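In what follows, a structure is listed as structure tokens, so that the remarks can point back to it.
The values are calculated or read from the model by the stated rules, or taken from the named source; none is laboratory data. Predicted model, so just to flag it, every value in this text is computed and none were measured. For neighbour counting, all protein chains shown are included, and Cβ atoms are generated from backbone atoms with ideal geometry for every residue, glycine included. Side chains are part of the model used for accessible areas, which takes the heavy atoms of the whole protein and leaves out ligands, DNA and RNA. Shrake-Rupley method; radii C 1.70, N 1.55, O 1.52, S 1.80 Å.
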Amino acid sequence: MSGIVPTCMSRGAARAWMLVRWVVPVIALTLVALALPARAAPAIDYDPGRSDELRECDQHQYRGRIDPARRCYSQLLEIAEPMVQAESAWALGDLRRANELFRAITQRDERAVRPRVRWARLFLQTHQYAEAAALLREAQALDPDDPLAKLGLARLFTERFEGEARPLIESALEQDGELIEAHLLLARMALEENRQSRAEESLARAARIASRRQWPALEIHTLRAALERARDRRPDRWVERVLAENPHYGAVYEQLAHFEIMQRRYREADTLLRQAVEVQPDLWSAHAELGLNLLRLGQVEEARTHLVRAYSGDPYRPTIVNTLRLLDRMEQFEVASRVVTIGSERVEIRTRLHGSEAAVLGPYILDLAREGVVAFSQRYGFVPREPITIELYPDHDDFAVRVAALPGIGLLGVTFGYVLAMDSPAARSRGEFHWGSTLWHELAHVFTLEATDHHVPRWLSEGISVFEEWRTGPTPGVVVPPEAIAALHDGRLLPVSDLDAGFIRPSYPNQVQVSYVQAGLVCLFIEQRWGVERLVALLRQFARAGKQPTSAAAIEATFEISPQAFDQQFESFVRQRFAGLLAGLDTWQRQYDTALKAVREQRWADAVEPARRATQLYPEHTGPDSPALLLARALDGLNRRQEAIEAMEAYRAAGGWDPDALRQLADWLEQAGRGAQRTALLQAINYADPFDARQHLQLGELLLTEQRARESLREFEALLILNPHDPAPAHFGAARALRALGESEPSRRRLLEALASAPHYKPAQALLLQLIQERTGNE
């Protein structure tokens, strides 16, 4: 996921496709425990049922007249009816009292709809989505046609980047076209999806309603400022109008930063967030977002400063608390680096790894990253200008906190520019994801983002990363999961010019992962139709200074065809590539089910032909229980080992990487006398499952036999770090590798360590005797 690119839902995540709706906080919040400052009050409340007495207080609040606003709400809190009291407590930031008042109102009237809707909004403000959703569903059960309940759910879905928001908004507007919040939600979603014309239309409607009703236009002007920035124009006139209306409205800069972050422009967001807290020093949400954004930029200590400041004013916000806890745990991480020379340029690669994993993973990460930096620099004509930092987290929750509250993110990896964060292989069940492919995917994002100053569209950045996994990564092969085939079959692929929407706000289950695959297939289509140079040329469309093109304009300029013609040619390409499968999906399913059942029952002869047919129809299926694996197992069960090896090699060539399956293939290759191929295979497995001790021992011995002593030493060192039950073979292997490298004294020490752990270990005794004899002979 370049970051914030769902990321990254890489091919390495084939077994873990997932859409994160919201990061579950480490701490549990209850409104009963909250008592936040006045700034926690809603910014602009467009509820048409809001009482006139509340609106009188609101006018002070919206104009930045905080003391008069507090006095006004405080008076209502003492004399008004219960609903107004609840709203006043909320506006004052006394969420505990507001919560108790709303609860009492709903208990007195079990069929009251409006109190439930308003109570749900209180939960929404504190990001307690489950509680908010429950209340809104209760309200809908009482009155299915209530437009404000629909709008509340739409707000919830919008904040969680779920596709169900738009139908609810449209339904609410059919009932009441004057719901200004509905138009603003549509504008906000359109801006997040880079649909500028739609945003403009919705904002124009909202402005007309606000003018007629004489409601404040702060949010309208803010979104118009965001629209100007999206069009590469200065937003100053709209910002000035906001600050003229309320000089303390820091949210204008905070919201502008939000849209920059959505487009992965973190440096621009940094400037805006600093302006937000300058205008409104107690805007704790902006301090929190500034801290998180500084982490994206790799500025850890300054990030901590702003997060602590945010915590001082809002100690209950989950993202603040969790991130501060993570920063404390990051003190256990170790930093290492390597410099790569590319022509006359030097690029530093840094790793930040937990101390328990640094020694094992660090060398593999640095080697793979070096290969990626060299390859991508050459292909895309861009050399990184800053150090690249790679962070791996052995605790999945820590990684989730690192990228908390980001839209549509598959929790495997995220690239923020020159900072790359991802799960370590220890964070997931063994064999669940291919960490090497994920790293390769994220490294490609560094180049597509930085080469274009973060102007590359989300779909193209993701598409190139998927394409590079398929073509050049540590496990190459075009992998297309069943969800993508189903979407192709049902005609649910998006036009390329609208493909970003599939990542940001999916309209059906699995659309995020389908969009990843579609974007990769678009890049594959470009390579096969025009050559990879044209794919690079498309990327460079977004690297030019000045006004940035839309995806449609860039496609037309690069390929000299209309976007519609491009979509038609792409559709033809994918339908032709998968023609056999699309025409025989039912046949494939029957053959696959038959083979799977036969293998599970060990009826090997009955499994071979259906497994072979299923593999022929769908070789890109390399996930769990791949038909190619079923075929290999059945053939081996029939003692047809050579054919089983061929089936397994075809599986690997198609992108399959299951560690247990590849270890089985390695054993078969050894038995077949194909040791050199076995070495390469075991090395590849390290990028999927690097914590298998037996694997490191086997690989260390093989590399030593092939006179690759430096690589062999790394394997024995990794084995020792994994703390094997019997360390003698690891010490002995390291001793021989060091001896081959001409390092006599370190070799002798390792040999003595082998004998110290196992005094009767005969291979070590023999080598020690040989060393003594050599030394005696030399004397």
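Descriptive notes on the structure:
- The residues of the stretch 313-332 that are touching a residue at least 12 places away in the same chain (Cβ under 8 Å) and open to solvent by 70 Å² or more (accessible area, probe 1.4 Å), listed by number, are TYR316, ARG325, ARG329, GLN332.
- Listed here are the strands (runs of 3 or more DSSP E) enclosed by the stretch 333-416 that have at least 2 residues being open to solvent by 10 Å² or more (accessible area, probe 1.4 Å): 333-342, 345-354.
- Residue count for the stretch 703-716 under the criterion of being under 37 Å from the mean Cα position of the chain (by Cα) and either closer than 12 Å to ARG739 by Cα or open to solvent by less than 60 Å² (accessible area, probe 1.4 Å) (or both): the result is 7.
- Check on ARG652, in a helix (DSSP H, G or I) and open to solvent by 20 Å² or more (accessible area, probe 1.4 Å): yes
- Boolean, LEU256 is modelled with pLDDT of 95 or more and either open to solvent by 30 Å² or more (accessible area, probe 1.4 Å) or more than 23 Å from ASN194 (Cα to Cα) (or both): no
- Restricting the stretch 291-312 to residues that are open to solvent by less than 10 Å² (accessible area, probe 1.4 Å) and touching a residue at least 24 places away in the same chain (Cβ under 8 Å), the residue that is farthest from GLU260 (Cα to Cα): ALA310
- Scan the stretch 170-203 for residues that are outside any helix (DSSP H, G or I) and within 29 Å of the chain's Cα centre (by Cα) and the total you get is 3.
- The listed residue being in a helix (DSSP H, G or I), under 30 Å from ALA451 (Cβ atoms) and of a type outside the set (Phe, Trp, Tyr), out of ALA543, ALA598, ALA557: ALA557
- Residues in the stretch 60-77 that are part of a helix (DSSP H, G or I), touching a residue at least 12 places away in the same chain (Cβ under 8 Å) and either small (Gly, Ala, Ser) or open to solvent by 70 Å² or more (accessible area, probe 1.4 Å) (or both): ALA69, ARG70, SER74.
- Residue, most open to solvent (accessible area, probe 1.4 Å), within the stretch 499-547, restricted to residues that are in contact with a Ser or Thr (Cβ under 9 Å, 6 or more places away or on another chain) and aromatic (Phe, Trp, Tyr): TRP530
- Test: residue in the stretch 340-355 that is among the aliphatic types (A, V, I, L, M) and more than 30 Å from LEU713 (Cβ to Cβ): no
- Selected residue (criterion: surrounded by the most Cβ atoms within 10 Å (Cβ to Cβ)) from residues of the stretch 88-137 that are over 18 Å from ALA165 (Cα atoms) and acidic (Asp, Glu): ASP94
- Residue match in the stretch 740-759 (condition: under 26 Å from GLU670 (Cα atoms) and either among the charged types (D, E, K, R) or modelled with pLDDT of 90 or more (or both)): yes
- Number of the condition not met by LEU493 [criteria: (1) open to solvent by 60 Å² or more (accessible area, probe 1.4 Å); (2) part of a loop (DSSP other than H, G, I, E, B)]: (1)
- Residues located in the stretch 628-667, provided they are closer than 15 Å to ARG603 by Cα and in contact with a Ser or Thr (Cβ under 6 Å, 6 or more places away or on another chain): LEU631
- Count of the stretch 468-505 residues which are of a type in the set (Asp, Glu) and touching a His at 6+ places or on another chain (Cβ under 8 Å): 2
- Filtered residues of the stretch 247-302 (kept if out of contact with any Lys or Arg (no Cβ under 6 Å at 6 or more places or on another chain), more than 19 Å from HIS455 (Cα to Cα) and of a type in the set (Asp, Glu)): GLU254, GLU278, GLU289, GLU301, GLU302
- Neighbours by Cβ (under 7 Å, 6+ apart or cross-chain): first from the stretch 175-196, modelled with pLDDT of 95 or more; second open to solvent by 10 Å² or more (accessible area, probe 1.4 Å) and among the basic types (Lys, Arg): HIS183/ARG205; LEU185/ARG155
- The set of residues in the stretch 476-490 being crowded, with 24+ Cβ neighbours inside 10 Å and more than 26 Å from THR550 (Cβ to Cβ) consists of VAL479, VAL480.
- Comparison of ILE561, ILE555 shows that the only residue that is β-branched (Val, Ile, Thr), crowded, with 20+ Cβ neighbours inside 10 Å, at pLDDT 95 or above and under 23 Å from SER197 (Cβ atoms) is ILE555.
- One residue stands out among those in the stretch 442-456 that are under 15 Å from PRO549 (Cβ atoms) and open to solvent by 10 Å² or more (accessible area, probe 1.4 Å): the one that is nearest to the chain's Cα centre (by Cα), which is HIS455.
- Residues satisfying the stated conditions in the stretch 50-59, i.e. part of a loop (DSSP other than H, G, I, E, B) and over 40 Å from the mean Cα position of the chain (by Cα): SER51
- Qualifying positions in the stretch 293-324 - farther than 18 Å from MET422 by Cα and of a type in the set (D, E, K, R): GLU301, GLU302, ARG304, ARG309, ASP314, ARG317
- Checking ALA693 against (1) under 23 Å from TRP668 (Cα atoms); (2) modelled with pLDDT of 95 or more; (3) small (Gly, Ala, Ser), the condition it does not meet: (2)
Every residue, every condition in (1) part of a loop (DSSP other than H, G, I, E, B); (2) surrounded by fewer than 22 Cβ atoms within 10 Å (Cβ to Cβ), yes or no:
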residue: ARG663; (1), (2): no, yes
residue: ALA688; (1), (2): yes, no
residue: HIS696; (1), (2): no, no
residue: GLY700; (1), (2): no, no
residue: PHE732; (1), (2): no, no
residue: ALA737; (1), (2): no, no
residue: GLY742; (1), (2): yes, yes
residue: ARG749; (1), (2): no, yes
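- Residue count, the stretch 158-216 (criterion: open to solvent by 60 Å² or more (accessible area, probe 1.4 Å), within 20 Å of TYR62 (Cα to Cα) and among the small types (Gly, Ala, Ser)): 1
- Only one entry in PRO610, PRO659, PRO619, PRO627 is out of contact with any Leu (no Cβ under 9 Å at 6 or more places or on another chain), in contact (Cβ under 8 Å) with a residue 12 or more places away in the chain and open to solvent by less than 20 Å² (accessible area, probe 1.4 Å), namely PRO659.
- Taking the stretch 291-318 as the range and being closer than 22 Å to ARG352 by Cβ and outside any helix (DSSP H, G or I) as the test, the residues that pass are LEU297, GLY298, GLN299.
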